[in-house]
Amino acid sequence: MLTDLNVPNLLTLLRIVGIPIFLILLEDLRYREALVVFVAAGVTDALDGAIARLTHTKTTLGAYLDPAADKALLVSSFIALGFMHLVPRWLVVIAISRDVVIVLGYFLLFVMTQQPMAVRPSASGKASTFFQLCSVTLVLTTLTWPDLLPARLMPVVFVVTGAVTAFAGLEYMYRGLAWLQGTGQAAVTPRSGDDAERRRA
């Protein structure tokens, strides 16, 4: 496990440590500092992936830790901003529901098949994460500099973020069901072959 503690994974751990700091600053209405911490977390997200690819230091720990850190950061951000009435509650529900569906779906598939499903990020999933990051960043930017962005921008960003997030959740559900169907057929085929062998015997 110690061999997995390379630079990309350390950056991911720093991002996780930054989550409570971000929430404390947000609760204290220190929006500028909260914005700095959130942007720094987004930068480390981009850096750890790039460093892992360039240096060929991808690890099993990082494969699970990186998306978990992203989800923890975004879910906690949306919950906090939702309670503060800075993000529409319907968007908070969509953002949280997508992650809950993915986690529960993965767990149920494993229970049903006793086989782990390889979870690969889709284009819509990456777009969903991108728009969620943009939504939180723009909200904090508006709170820090109220006159910087046009008032009509945020509702549009919220709608686009909600639509992309909902589509990503539906796509992950479809991929899970398709994988389950393929796994079931693969499990049935050998048994049919075994029955044929018995009949020949």
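Let's see how each residue does on (1) assigned to a helix (DSSP H, G or I); (2) at pLDDT below 80:
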| position | (1), (2) |
| --- | --- |
| 105 | yes, yes |
| 108 | yes, no |
| 112 | yes, yes |
| 148 | no, no |
| 178 | yes, no |
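Between 101, 139, 119, the distinction of being modelled with pLDDT of 90 or more and either within 22 Å of residue 36 (Cα to Cα) or out of contact with any strand residue (DSSP E or B) (no Cβ under 7 Å at 6 or more places or on another chain) (or both) belongs to 139 only. Take the residues in segment 27-55 that are in contact (Cβ under 8 Å) with a residue 60 or more places away in the chain and among the aliphatic types (A, V, I, L, M); name whichever of them is surrounded by the most Cβ atoms within 10 Å (Cβ to Cβ). Ranking the candidates gives 34 first. Listed conditions (1) under 25 Å from residue 25 (Cβ atoms); (2) assigned to a helix (DSSP H, G or I); (3) free of Cβ contacts under 8 Å to residues at least 24 places away in the same chain are all met by residue 100, apart from (1).
Residue by residue, here is whether (1) within 22 Å of residue 58 (Cα to Cα); (2) part of a helix (DSSP H, G or I); (3) at pLDDT 85 or above; (4) not acidic (Asp, Glu) holds:
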residue: 3; (1), (2), (3), (4): yes, yes, no, yes
residue: 15; (1), (2), (3), (4): yes, yes, yes, yes
residue: 20; (1), (2), (3), (4): no, yes, yes, yes
residue: 25; (1), (2), (3), (4): no, yes, yes, yes
residue: 35; (1), (2), (3), (4): no, yes, yes, yes
residue: 39; (1), (2), (3), (4): no, yes, yes, yes
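Figure legend. Inter-residue proximity from segment 83-96: first residues in a loop (DSSP other than H, G, I, E, B), second residues of a type in the set (Ser, Thr, Tyr), beta-carbon distance below 9 Å, spacing 6+ or different chains. Indicated pairs: 86/142; 87/77; 87/135.
The residues listed here are 93, 75, 37; of these, the one that is within 28 Å of residue 141 (Cα to Cα), in contact with a Phe, Trp or Tyr (Cβ under 6 Å, 6 or more places away or on another chain) and of a type outside the set (Phe, Trp, Tyr) is 37. When every residue of segment 76-89 is checked against the conditions, none turns out to be under 20 Å from residue 16 (Cβ atoms) and at pLDDT below 85. For segment 75-93, the criterion of a residue being within 14 Å of residue 169 (Cβ to Cβ), over 12 Å from the mean Cα position of the chain (by Cα) and small (Gly, Ala, Ser) is satisfied by no position.
The values are calculated or read from the model by the stated rules, or taken from the named source; none is laboratory data. If you're wondering where the values come from, they're calculated on a predicted model, not measured in any experiment. Don't worry about glycine lacking a Cβ; one is built from the backbone with ideal geometry, like all the others, and counts go over all protein chains shown.
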